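Comments concern the structure below.
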Amino acid sequence: MKTEPNIPDGDGFYEAWLDAHEGLDEKESGELDARLVLLLANQIGDQQVLLDCIAAARAARDPPASSS
Amino acid sequence: MSSPEIWKFAPAYELPSWPFVAPPDLASAEPIRYPVVIAGGGLAGLTLACDLALRGIRAVVLDDDDTVGVRGASSRGICYAQKSLEIFERLGIYERIRAKGITWSVGRTLSGDDEIYSFNLQDESCSEQPPFINLQQFYLEWYLVERILELCATDLRWKSRVLRVDNDDGHALVEVETPAGRYVLEADWFIDATGASSSIREQMGIESHPSRSTDRWCITDVRFKKPLPVERWTWIDAPFNEGRAVWQHFMADNVWRLDYQMDERADPQAISRPEVAGERLRAQLGPGVEFEFVWIGPYQYRDHLLETFRVGRVVFVGDSAHVVCPFGARGGNNGIQDAANLGWKLALVLRGEAGVDLVDSYHAERHPAAAENLRVTTRTTRFLAPRNAAERRIRTALVSLARRHEFARRLANTGRMAQANAYPPSRWLPEGGRSVQNVAVDGATLMRGLGESTRFVGFWVGAGAPEAAALGSALAGRFPLEIRAIEASTLLARHLGVASGSMALVRPDAYLAATIERPDAATVAEAMRRALSLEVAA
């Protein structure tokens, strides 16, 4: 799983993602994100990377471990 | 207002029954010893008895009933998978099953009125048997009983209930209750094939780790004249079932199995009343289609998996060992395949041609198979019955993508159809084992060849017949083994995936045991010793 920056135009991607949610209610937004995950997962196509991404997304609910 | 419909029922099936005959054990002062005693005359128990009969092992079968099926003609399993059909070809009942049953290979998954996924299992098949035949389970059990009676090599004991089983020194002690009294017998090997609610398992104190789903369904077996495709159709969210799932399958005697997912809070009595089931059918079939009910049965599925399939001289097969949800036909088929895995092993151990440890390979192979089936079917249930809002949202997202994009279609999971499970590497199978399909070979088929006697066959690809015969005679008498030369261009050689000059060692259950790159008397003997748990000669 890549964690260093890899998106050519990060701000542009972020904006396009926000725009896609415009005018949607919470349920519709949730479904949009779910569709997006499925489409992106198929682009990645690497089982271990997908599982690592799921684990990292879940782990980010918690505060990061202090690097002492 | 239209007049209310009148709901018709088909006449009940008339199933055969067989008489209780007082066994000699009732008059014997000492317990009589038998090589194999099987409790339970369902798919797994009968398949094992029939398999053993053909291998020359006389088994005793104890069944607490005197007929087939479960409490009358209520059909349970209906889909029989290719590997099971190949086993039945070897046992000699495949033609009856084919003639009576419904052959199919295409499945379709629908959302609303639209197809979102389809598969054709024939695409991956090179077997003489089709991917699936649908047949009411009691017919299959009926054919097995008749075949067992025809072979005259099994002691079928009806109205005989096992009360207690205890492991003793190298055998099991079994207490049996009959209409003429109780008796105790001894079994070198005792097989529990008494099904999901095995009281033997309970009595032995074996934990089954059960869990029960809240998902609720109602089967409606029904006969009507409206022509529908002979395919497996599954709706994720049928408009005619309040947006819940529906299954549509065809089986023998022009009976359709329609299985409806219900509200999980629904009252099972209420949803299975003929007028309620009739309304569902009317919504699906449309007005003017006459139909008659064959059977209506509400259910919730459950699962369990034993930690070990062998405890001393007691071996668990079929539903007594493992139960999974019904989606994908992984229940009955795996009981049948358990039996075919165990039969030849017991036969060779009892004949002294294999080490007693070979029986442990039954657990080493069938337990992972059952665990895989549990994993696969649990994934299906999470697709069909989302547990919370997040799971439902993800499914909704998937279905909307599946209407447009190929990649999402195959993620729609209304059941992954049973396949012959591959086995993990073990001391018996150094490279693991995979099933070999029943391909045509030398004017017959692999299964018919394997059915002739209990032996391995070493298919030596690209070898000459004299060369194969010489190696065969060098090993004759030491192992149950036949060496055969096959040409590299044959379908079997290509299916085995073995290079010219190498040998594929195929077990009596049509699993590939090993690939031997330089076959000679030493390398083949080593592979056979490993496969049969035989001590390495000094």
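The values are calculated or read from the model by the stated rules, or taken from the named source; none is laboratory data. Owing to the predicted nature of the structure, the values given are computational and were not obtained by experimental measurement. Counting neighbours? That spans all protein chains shown, and the Cβs are built from the backbone with ideal geometry, glycine included.
Restricting attention to segment B:69-80, and to residues there that are among the hydrophobic types (A, V, I, L, M, F, W, C) and in contact with a strand residue (DSSP E or B) (Cβ under 9 Å, 6 or more places away or on another chain), which single residue is modelled with the highest pLDDT?
At the first step, the residues of segment B:69-80 found to be among the hydrophobic types (A, V, I, L, M, F, W, C) are B:70, B:73, B:78-79.
Imposing the further condition that a residue be in contact with a strand residue (DSSP E or B) (Cβ under 9 Å, 6 or more places away or on another chain) reduces the set to B:73, B:78-79.
Working: B:A73: 49, B:I78: 93, B:C79: 96.
Within segment B:69-80, the match that is modelled with the highest pLDDT is B:C79.
Give the residues of segment B:402-427 that are within 11 Å of chain A (Cβ to nearest Cβ) and surrounded by fewer than 21 Cβ atoms within 10 Å (Cβ to Cβ), sorted by residue number.
Initial filter on segment B:402-427 (within 11 Å of chain A (Cβ to nearest Cβ)): B:402, B:404-408, B:410-411.
Selection gives B:R404, B:H405, B:E406, B:F407, B:R410, B:L411.
Run down A:E31, A:E15, A:E22 and say which single residue is acidic (D, E) and either in contact (Cβ under 8 Å) with a residue 12 or more places away in the chain or within 14 Å of chain B (Cβ to nearest Cβ) (or both).
A:E31
What are the pairs, 6+ residues apart or on separate chains, where a residue within segment B:40-52 that is in a helix (DSSP H, G or I) has its Cβ under 7 Å from a residue that is hydroxyl-bearing (S, T, Y)?
B:A49/B:T154
Regarding segment B:358-367, can at least one residue be identified that is more than 20 Å from B:A193 (Cβ to Cβ) and either touching a His at 6+ places or on another chain (Cβ under 8 Å) or not β-branched (V, I, T) (or both)?
No.
Considering B:V60, B:V36, which residue is under 22 Å from the mean Cα position of the chain (by Cα), over 12 Å from B:R157 (Cβ atoms), modelled with pLDDT of 95 or more and not aromatic (F, W, Y)?
B:V36
How many residues does segment B:388-401 hold that are of a type in the set (S, T, N, Q), assigned to a helix (DSSP H, G or I) and more than 8 Å from chain A (Cβ to nearest Cβ)?
Count: 0.
When segment A:34-68 is examined, which residues are found to be within 13 Å of chain B (Cβ to nearest Cβ) and surrounded by fewer than 10 Cβ atoms within 10 Å (Cβ to Cβ)?
Matches in segment A:34-68: A:Q43, A:G45, A:R58.
Just to confirm my filter: which helices (runs of 4 or more DSSP H) fall fully inside segment B:409-508 and include at least 2 residues that are touching a residue at least 24 places away in the same chain (Cβ under 8 Å), on the phi < 0 side of the Ramachandran plot and over 27 Å from the mean Cα position of the chain (by Cα)?
Per the criteria, B:465-475.
Go through segment B:255-285 and count every residue that is outside any helix (DSSP H, G or I), touching a helix residue (DSSP H, G or I) at 6+ places or on another chain (Cβ under 8 Å) and either among the polar types (S, T, N, Q) or farther than 22 Å from B:I236 by Cβ (or both).
Number of matching residues: 1.
Residue by residue through segment B:238-260, note down the ones that are in contact (Cβ under 8 Å) with a residue 40 or more places away in the chain, over 27 Å from B:T103 (Cβ atoms) and within 31 Å of the chain's Cα centre (by Cα).
Within segment B:238-260, just B:N241 meets the criteria.
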